[in-house]
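Inspection log for the structure reproduced underneath, given as structure tokens.
The values are calculated or read from the model by the stated rules, or taken from the named source; none is laboratory data. The structure presented is a predicted model; accordingly, all values stated were derived computationally and were not measured. For neighbour counting, all protein chains shown are included, and Cβ atoms are generated from backbone atoms with ideal geometry for every residue, glycine included.
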Amino acid sequence: MDKISLTYFVDFVLKAGTPKLAGVREWKERKDDLSFDFYRQIREAIVDMHRGGKPDTVLDEFLSAQRDERRRRVYPSIVEGYRKFQSSAKMTWFEPPVGSCKLGDVEININPDLGLVIDGKPHLIKVYFRGEPLSAKRTTVVLNLLAGGLAESNPGKVLALLDVRNAKLHTFKAPNPRLGVLLRGEAAAFSTIYAAL
């Protein structure tokens, strides 16, 4: 089985019942189709801005170049939230490492969107772009998976999840052993469903 994206696995963990089957089927059928990632363009625009040391006005240019009606409607609130986050502290870019988290037969791709030194502390940040509110459960699962894939190889770096629309940074505090057991069980379920479909 190929590596599973962090987002897909977290979505799977948070579903109950038969929607888990649909989630695995969708992953299996669309795993190589990058065009279905609605937030990819805005993510790449933010990363490109940091990587190139460009002013945040490039995000305005990016927004004005959008032709897709849904993106024209959704992306501005993301840019507004990101600007608010940026103004909260002094930040400098560094290239974030990638890793993976192995849970039984399942390997989850751990790829932080941003590497930012915030007030002198290096942060590895996954960005939450979706419009629905970021739940405490999703935050906990994402942060524990980030830690499982990156904490050991990146000591001293803060692992974080940015709720971009609300400009709120959630940071990893400590691993939850009970959640680790649950995640291994969910990975076994994912693997079993994947093999059966």
Residues satisfying the stated conditions in segment 28-61, i.e. of a type outside the set (Lys, Arg), part of a helix (DSSP H, G or I) and in contact (Cβ under 8 Å) with a residue 60 or more places away in the chain:
42, 46, 47, 50
Report yes if some residue within segment 80-91 is surrounded by 10 or more Cβ atoms within 10 Å (Cβ to Cβ), among the aliphatic types (A, V, I, L, M) and not in a helix (DSSP H, G or I); otherwise report no.
yes
Does segment 111-120 include one or more residues that are among the hydrophobic types (A, V, I, L, M, F, W, C) and exposed (fewer than 14 other Cβ atoms within 10 Å of the Cβ)?
no
So, residue 147, is that one modelled with pLDDT of 95 or more and assigned to a strand (DSSP E or B) or not?
no
So, in segment 89-143, of the ones that are more than 14 Å from the chain's Cα centre (by Cα) and among the acidic types (Asp, Glu), which residue ends up farthest from residue 15 (Cα to Cα)?
119
Residue 157: more than 25 Å from residue 189 (Cα to Cα), surrounded by 15 or more Cβ atoms within 10 Å (Cβ to Cβ) and of a type outside the set (Ser, Thr, Tyr), yes or no?
yes
